[in-house]
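Chemist: Please find one structure pasted underneath; my questions will follow.
The values are calculated or read from the model by the stated rules, or taken from the named source; none is laboratory data. Worth saying up front: this structure is predicted, and the values here are computed from it rather than measured. Every residue, glycine as well, gets a Cβ built from its backbone with ideal geometry; the counts of neighbours run over all protein chains shown. These accessible areas exclude ligands, DNA and RNA; they are computed on the full protein's heavy atoms, side chains included. Shrake-Rupley method; radii C 1.70, N 1.55, O 1.52, S 1.80 Å.
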Amino acid sequence: MQKVNCAVVGLGWMGRIRVAALHASGAARIVACCDLDPETAAGLPEGVRFSTDAIETVTSGDVDAVFVSTPDGRHREPVIAALRAGKHVFCEKPVATTLADADAMVAADPGGRLVVGHSLRADSRYLAVRAATDALGPAVHTVTRRNWPASEGRRQQGQTSLALYLAVHDFDVLQWIVGSPIVEVSGVASRTPVPGLDEGGAHSIVATLRFANGCVGAHETSWALPDQAGLDQGDHALSYVGVNGNAYLTERDHGVVVHGDAAQFPDALNGEVFGVQTGMYVNEVERFLATVREGRPPLVTGEEARGALAAALALEQSLRTGRPAGVAA
């Protein structure tokens, strides 16, 4: 198998996961990495070239594919530079923090070489629900939950928002599973003070969703779970109610059950990266490498990621105005 020469830009938490997944893959060769902090070079595999210049890294002649793991609002420049240099690009979610940046990246990708890291589509549990929807029939309603401990909220506040960090995951996977875009979002945020979290921020949100095909959804998201609850990997769930059957997924016990003609319990456990049940990241990387080598369709296109971003931004607008917000087309 010919290996794909890869570069990783941004060596924070997600960048390090990408490096670990690529290093473990027989289909990849890491040739270069980039970060503004030179000290991050110490954790790289032997022989990997390091630079603090993102554009130099992503346009290098020995690079076939680029992973952009910079902060959310700094994706545009390296993504567009890499696309214009003819590279395949994997960009972390959310694709951007503004629709203008997302649209610019999509416009720079007429050949479909941009893939966005909405990792739930590589999670075998969500894949099992998606595979069941034909038998379950059109969605009547959905309920989703994505909650993390307050320690995560303290780490992320000031860098991103709850809607862009967590809710956007479910907005993408719901539109994929339901097979219809979200057209309206209405959200309310808790005003209960949480120690260590900014009082003016939205730290727990409940939202209602309306899909173009008539389905409705309820979404709960938070980064304010009590740290002492022991839910270090969060509390996440999805239910799909179709006209012919239902599917239920919970990540607290890594389970998924599908109720159709009979109850099914797919084997949907993830593998490990850094000792954590995050095998979906490995699956995601392997699928991207197959896209580069074989021309397979992207797991998540720029246009699809733009749709999830638009729904998350509509949620933020609803929180500001106290009224339902339409999702920008």
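A quick yes/no check of all residues on (1) aromatic (Phe, Trp, Tyr); (2) more than 25 Å from Leu197 (Cβ to Cβ); (3) touching a helix residue (DSSP H, G or I) at 6+ places or on another chain (Cβ under 6 Å):
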{"residue": "Gly137", "(1), (2), (3)": "no, yes, no"}
{"residue": "Ala150", "(1), (2), (3)": "no, no, yes"}
{"residue": "Arg155", "(1), (2), (3)": "no, no, no"}
{"residue": "Gly158", "(1), (2), (3)": "no, no, no"}
{"residue": "Leu162", "(1), (2), (3)": "no, no, no"}
{"residue": "Tyr165", "(1), (2), (3)": "yes, no, yes"}
{"residue": "Asp172", "(1), (2), (3)": "no, yes, yes"}
{"residue": "Pro181", "(1), (2), (3)": "no, yes, yes"}
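Chemist: Could you tell me which numbered condition Leu44 fails, if it satisfies all but one of (1) free of Cβ contacts under 8 Å to residues at least 12 places away in the same chain; (2) crowded, with 19+ Cβ neighbours inside 10 Å?
Modeler: Of the numbered conditions (1) free of Cβ contacts under 8 Å to residues at least 12 places away in the same chain; (2) crowded, with 19+ Cβ neighbours inside 10 Å, the odd one out for Leu44 is (1).
Chemist: When segment 109-154 is examined, which residues are found to be touching a Pro at 6+ places or on another chain (Cβ under 6 Å) and open to solvent by less than 10 Å² (accessible area, probe 1.4 Å)?
Modeler: Val115
Chemist: Can you confirm whether Val79 is part of a helix (DSSP H, G or I), within 20 Å of Gly302 (Cβ to Cβ) and among the β-branched types (Val, Ile, Thr)?
Modeler: The answer is yes for Val79.
Chemist: Do you know which residues across segment 198-222 are surrounded by fewer than 17 Cβ atoms within 10 Å (Cβ to Cβ) and part of a loop (DSSP other than H, G, I, E, B)?
Modeler: Asp198, Glu199, Gly200, Gly201, Ala212, Asn213, Gly214 - these are the residues of segment 198-222 that are surrounded by fewer than 17 Cβ atoms within 10 Å (Cβ to Cβ) and part of a loop (DSSP other than H, G, I, E, B).
Chemist: Out of Asp64, Asp72, report the one residue that is open to solvent by 60 Å² or more (accessible area, probe 1.4 Å), touching a Lys or Arg at 6+ places or on another chain (Cβ under 9 Å) and among the charged types (D, E, K, R).
Modeler: Asp64
Chemist: Mind listing whichever residues of segment 296-316 are surrounded by fewer than 18 Cβ atoms within 10 Å (Cβ to Cβ) and modelled with pLDDT of 95 or more?
Modeler: Thr301, Glu303
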